[in-house]
Amino acid sequence: MPLLEIRSLCKSYKNVKALKNMSFTVGAGEIVALLGKNGAGKTTLLNCIAGNIHPTSGDIVYKSETLLKEESRLNEFGILIEPTFIPYMNAYENLCTLLKATGEKDVGKQAQDLLALIGLAHKKKEKTKAFSFGMRQRLGLAQALLNKPGFLILDEPFNGLDKHGVAEIRELLLDLKAAGKTILLASHNDEDIRILCDHVY
(Lines give C-alpha, C1' and ligand atoms only; values in the text may rest on other atoms or scores of the structure.)
Protein backbone atom coordinates (compact mmCIF):
# COMPACT_ATOMS: atom_id res chain seq x y z
CA MET A 1 0.00 0.00 0.00
CA PRO A 2 1.46 3.43 -0.95
CA LEU A 3 2.22 5.97 1.76
CA LEU A 4 0.85 8.83 -0.37
CA GLU A 5 -1.60 8.55 -3.26
CA ILE A 6 -2.66 11.36 -5.58
CA ARG A 7 -5.97 10.47 -7.22
CA SER A 8 -7.13 12.30 -10.37
CA LEU A 9 -6.19 15.68 -8.90
CA CYS A 10 -7.37 18.78 -10.77
CA LYS A 11 -6.92 22.46 -10.05
CA SER A 12 -8.42 25.22 -12.19
CA TYR A 13 -8.12 29.00 -11.98
CA LYS A 14 -10.95 30.46 -14.07
CA ASN A 15 -10.03 29.30 -17.60
CA VAL A 16 -6.58 27.97 -16.69
CA LYS A 17 -6.12 24.30 -15.79
CA ALA A 18 -3.06 24.16 -13.55
CA LEU A 19 -3.51 20.43 -12.87
CA LYS A 20 -5.48 17.94 -14.94
CA ASN A 21 -6.19 14.42 -13.67
CA MET A 22 -2.83 14.04 -11.89
CA SER A 23 -2.40 10.59 -10.36
CA PHE A 24 0.65 8.90 -8.85
CA THR A 25 1.85 7.18 -5.68
CA VAL A 26 4.77 7.53 -3.28
CA GLY A 27 5.95 4.56 -1.29
CA ALA A 28 7.44 4.73 2.20
CA GLY A 29 11.18 5.41 2.15
CA GLU A 30 11.24 6.50 -1.50
CA ILE A 31 12.56 9.65 -3.14
CA VAL A 32 10.09 10.63 -5.86
CA ALA A 33 10.46 13.58 -8.21
CA LEU A 34 8.07 15.70 -10.23
CA LEU A 35 9.98 16.78 -13.33
CA GLY A 36 8.72 19.59 -15.55
CA LYS A 37 9.46 23.00 -16.95
CA ASN A 38 8.48 26.19 -15.14
CA GLY A 39 4.70 26.60 -15.18
CA ALA A 40 4.01 22.87 -15.51
CA GLY A 41 2.06 22.80 -12.23
CA LYS A 42 4.65 21.26 -9.91
CA THR A 43 4.39 23.92 -7.20
CA THR A 44 0.59 23.94 -7.45
CA LEU A 45 0.55 20.21 -6.84
CA LEU A 46 2.90 20.45 -3.85
CA ASN A 47 0.81 23.28 -2.41
CA CYS A 48 -2.29 21.10 -2.71
CA ILE A 49 -0.59 18.32 -0.75
CA ALA A 50 0.69 20.82 1.83
CA GLY A 51 -2.83 22.19 2.38
CA ASN A 52 -2.04 25.67 1.05
CA ILE A 53 -4.34 25.26 -1.98
CA HIS A 54 -7.59 23.32 -2.20
CA PRO A 55 -7.89 21.24 -5.38
CA THR A 56 -10.88 21.62 -7.69
CA SER A 57 -11.43 17.85 -7.71
CA GLY A 58 -9.68 14.60 -6.91
CA ASP A 59 -8.21 13.36 -3.66
CA ILE A 60 -4.94 13.20 -1.71
CA VAL A 61 -4.64 10.09 0.46
CA TYR A 62 -1.94 9.73 3.10
CA LYS A 63 -1.71 6.62 5.28
CA SER A 64 -5.15 5.60 3.94
CA GLU A 65 -6.77 8.87 5.10
CA THR A 66 -7.76 11.79 2.89
CA LEU A 67 -5.62 14.83 3.67
CA LEU A 68 -8.48 17.04 2.48
CA LYS A 69 -10.34 16.09 5.69
CA GLU A 70 -7.58 14.95 8.07
CA GLU A 71 -5.40 18.08 8.02
CA SER A 72 -3.81 17.14 11.35
CA ARG A 73 -1.75 14.63 9.36
CA LEU A 74 0.11 17.60 7.86
CA ASN A 75 2.10 17.79 11.10
CA GLU A 76 3.96 14.70 9.85
CA PHE A 77 5.31 16.62 6.84
CA GLY A 78 8.33 18.87 6.50
CA ILE A 79 7.67 21.43 3.78
CA LEU A 80 9.96 23.60 1.65
CA ILE A 81 7.81 25.78 -0.60
CA GLU A 82 8.79 29.46 -0.91
CA PRO A 83 10.42 29.70 2.55
CA THR A 84 10.13 32.95 4.48
CA PHE A 85 12.33 34.31 7.25
CA ILE A 86 12.48 37.25 9.65
CA PRO A 87 14.88 39.46 7.63
CA TYR A 88 16.46 41.39 10.51
CA MET A 89 17.39 38.15 12.31
CA ASN A 90 20.30 35.93 11.41
CA ALA A 91 19.98 32.28 10.40
CA TYR A 92 20.58 31.00 13.93
CA GLU A 93 18.02 33.36 15.46
CA ASN A 94 15.42 32.44 12.85
CA LEU A 95 15.72 28.74 13.63
CA CYS A 96 15.73 29.33 17.39
CA THR A 97 12.55 31.40 17.13
CA LEU A 98 10.76 28.65 15.21
CA LEU A 99 12.00 25.94 17.56
CA LYS A 100 10.78 27.88 20.59
CA ALA A 101 7.36 28.24 18.95
CA THR A 102 7.10 24.44 18.74
CA GLY A 103 7.92 24.07 22.44
CA GLU A 104 11.28 22.41 21.86
CA LYS A 105 13.93 22.39 24.58
CA ASP A 106 17.62 23.24 24.08
CA VAL A 107 16.80 25.19 20.93
CA GLY A 108 20.34 26.57 20.64
CA LYS A 109 21.93 23.16 20.11
CA GLN A 110 19.20 22.04 17.72
CA ALA A 111 19.60 25.20 15.66
CA GLN A 112 23.38 24.71 15.53
CA ASP A 113 22.95 21.08 14.46
CA LEU A 114 20.50 22.00 11.70
CA LEU A 115 22.77 24.74 10.35
CA ALA A 116 25.68 22.30 10.26
CA LEU A 117 23.51 19.69 8.54
CA ILE A 118 22.53 21.98 5.67
CA GLY A 119 25.96 23.61 5.32
CA LEU A 120 25.24 27.04 6.81
CA ALA A 121 27.07 26.84 10.13
CA HIS A 122 29.58 29.43 8.90
CA LYS A 123 26.72 31.82 8.03
CA LYS A 124 24.77 31.54 11.27
CA LYS A 125 25.35 35.18 12.28
CA GLU A 126 24.50 36.62 8.88
CA LYS A 127 21.10 38.31 8.60
CA THR A 128 18.78 36.42 6.28
CA LYS A 129 17.94 39.57 4.28
CA ALA A 130 21.48 39.32 2.87
CA PHE A 131 21.14 35.65 1.90
CA SER A 132 21.50 34.53 -1.70
CA PHE A 133 18.70 32.46 -3.20
CA GLY A 134 20.70 29.27 -2.72
CA MET A 135 21.34 30.07 0.94
CA ARG A 136 17.62 30.73 1.41
CA GLN A 137 16.86 27.31 -0.06
CA ARG A 138 19.31 25.70 2.37
CA LEU A 139 17.77 27.50 5.35
CA GLY A 140 14.31 26.56 4.06
CA LEU A 141 15.39 22.93 4.14
CA ALA A 142 16.48 23.38 7.75
CA GLN A 143 13.00 24.77 8.49
CA ALA A 144 11.44 21.73 6.84
CA LEU A 145 13.47 19.46 9.15
CA LEU A 146 12.55 21.31 12.36
CA ASN A 147 9.80 18.93 13.50
CA LYS A 148 11.77 15.78 12.56
CA PRO A 149 9.21 14.85 9.88
CA GLY A 150 8.86 11.44 8.28
CA PHE A 151 7.83 12.90 4.92
CA LEU A 152 9.53 15.82 3.17
CA ILE A 153 7.91 17.95 0.44
CA LEU A 154 10.57 20.01 -1.33
CA ASP A 155 9.99 22.50 -4.13
CA GLU A 156 13.14 23.00 -6.25
CA PRO A 157 15.62 22.24 -3.42
CA PHE A 158 18.59 22.64 -5.80
CA ASN A 159 17.62 26.09 -7.10
CA GLY A 160 20.33 28.70 -6.66
CA LEU A 161 23.02 26.19 -5.68
CA ASP A 162 26.36 25.81 -7.42
CA LYS A 163 27.65 22.38 -8.46
CA HIS A 164 29.25 21.77 -5.06
CA GLY A 165 26.06 22.82 -3.25
CA VAL A 166 23.92 20.53 -5.38
CA ALA A 167 26.20 17.61 -4.54
CA GLU A 168 25.99 18.44 -0.81
CA ILE A 169 22.19 18.63 -0.74
CA ARG A 170 21.87 15.52 -2.90
CA GLU A 171 24.04 13.63 -0.39
CA LEU A 172 21.95 14.99 2.49
CA LEU A 173 18.72 13.79 0.85
CA LEU A 174 20.20 10.33 0.35
CA ASP A 175 21.22 10.29 4.03
CA LEU A 176 17.68 11.27 5.01
CA LYS A 177 16.30 8.47 2.87
CA ALA A 178 18.72 6.02 4.52
CA ALA A 179 17.34 7.21 7.88
CA GLY A 180 13.83 6.21 6.76
CA LYS A 181 12.49 9.52 5.45
CA THR A 182 10.19 9.70 2.42
CA ILE A 183 10.81 12.60 0.02
CA LEU A 184 8.70 14.14 -2.74
CA LEU A 185 10.50 16.88 -4.62
CA ALA A 186 9.86 19.07 -7.65
CA SER A 187 12.59 20.04 -10.08
CA HIS A 188 13.30 21.00 -13.66
CA ASN A 189 16.83 19.55 -13.55
CA ASP A 190 16.73 16.16 -15.24
CA GLU A 191 20.28 15.05 -14.43
CA ASP A 192 20.22 15.62 -10.67
CA ILE A 193 16.92 13.94 -9.95
CA ARG A 194 17.57 10.89 -12.10
CA ILE A 195 20.68 10.24 -10.01
CA LEU A 196 18.73 10.74 -6.79
CA CYS A 197 15.22 9.37 -7.24
CA ASP A 198 13.45 6.02 -7.18
CA HIS A 199 10.66 7.29 -9.44
CA VAL A 200 10.19 10.34 -11.67
CA TYR A 201 6.81 11.64 -12.84
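Given a 1.4 angstrom probe, what's the average accessible area per residue across the chain, in square angstrom? Could the numbers behind the result be given before it?
Details: 10260 Å² over 201 residues.
Accessible area per residue: 51 Å².
Calculate one ³J(HN,Hα) per residue across segment 66-71 by plugging θ = phi - 60° into the Karplus curve 6.51 cos²θ - 1.76 cosθ + 1.60, and present them in order as whole Hz with x for glycine and proline.
Coupling constants for segment 66-71: 6, 5, 5, 10, 9, 5 Hz.
What is the mean projected area of the alpha carbon convex hull for the chain, to one decimal in square nanometres? Show your work: numbers first, answer last.
On the way: hull surface 45.9 nm².
Across all orientations, the chain yields a mean hull projection of 11.5 nm².
Can you put E93, E171, E5 in order of accessible area, largest first, using a 1.4 Å probe?
Ranked from most to least accessible, the order is E171, E93, E5.
Restricting things to alpha carbons, find the Rg to Rh ratio for segment 43-99 using the Kirkwood radius for Rh. Don't skip to the end; give the middle numbers.
On the way: Rg = 14.5 Å, Rh = 13.3 Å.
Answer for segment 43-99: 1.09.
Report, as a whole number in µm² per second, the diffusion coefficient that Stokes-Einstein gives for segment 90-201 at 4 °C and 1.567 mPa s using the Kirkwood radius over alpha carbon pairs.
89
Just the Cα atoms of segment 1-47, one point each, no solvent: what log10 I(q)/I(0) does Debye give at q = 0.17, 0.19, 0.26 Å⁻¹?
The Debye formula, applied to the Cα set alone, gives -0.54, -0.66, -1.05.
Summarise the accessible area of segment 1-91 (1.4 Å probe, protein heavy atoms) by the percent that is carbon and sulfur.
Carbon and sulfur together cover 48 percent of it.
Just the projected area, averaged over all directions, of the convex hull on the alpha carbon atoms of segment 24-66: how many nm²? Intermediate results must be reported in sequence, preceding the final value.
Details: hull surface 14.6 nm².
Mean projected area for segment 24-66: 3.7 nm², to one decimal.
Report for the chain the percent antiparallel among DSSP-assigned beta bridges with both residues inside it, nearest 5. It would help to have the intermediate numbers written out before the result.
Values: 15 of 31 bridges.
Counting DSSP beta bridges with both partners in the chain, the antiparallel share is about 50 percent.
Which of the trypsin sites (Lys or Arg not before Pro) across segment 51-157 are loop residues per DSSP, with 13 or fewer other Cβ within 10 Å?
K69, K105, K125
The values are calculated or read from the model by the stated rules, or taken from the named source; none is laboratory data. Small disclaimer: the values here were computed from a predicted structure and weren't measured. A quick note on method: Cβ atoms are made from the backbone with ideal geometry, for glycine too, and the neighbour counts reach across all protein chains shown. These accessible areas exclude ligands, DNA and RNA; they are computed on the full protein's heavy atoms, side chains included. Shrake-Rupley method; radii C 1.70, N 1.55, O 1.52, S 1.80 Å.
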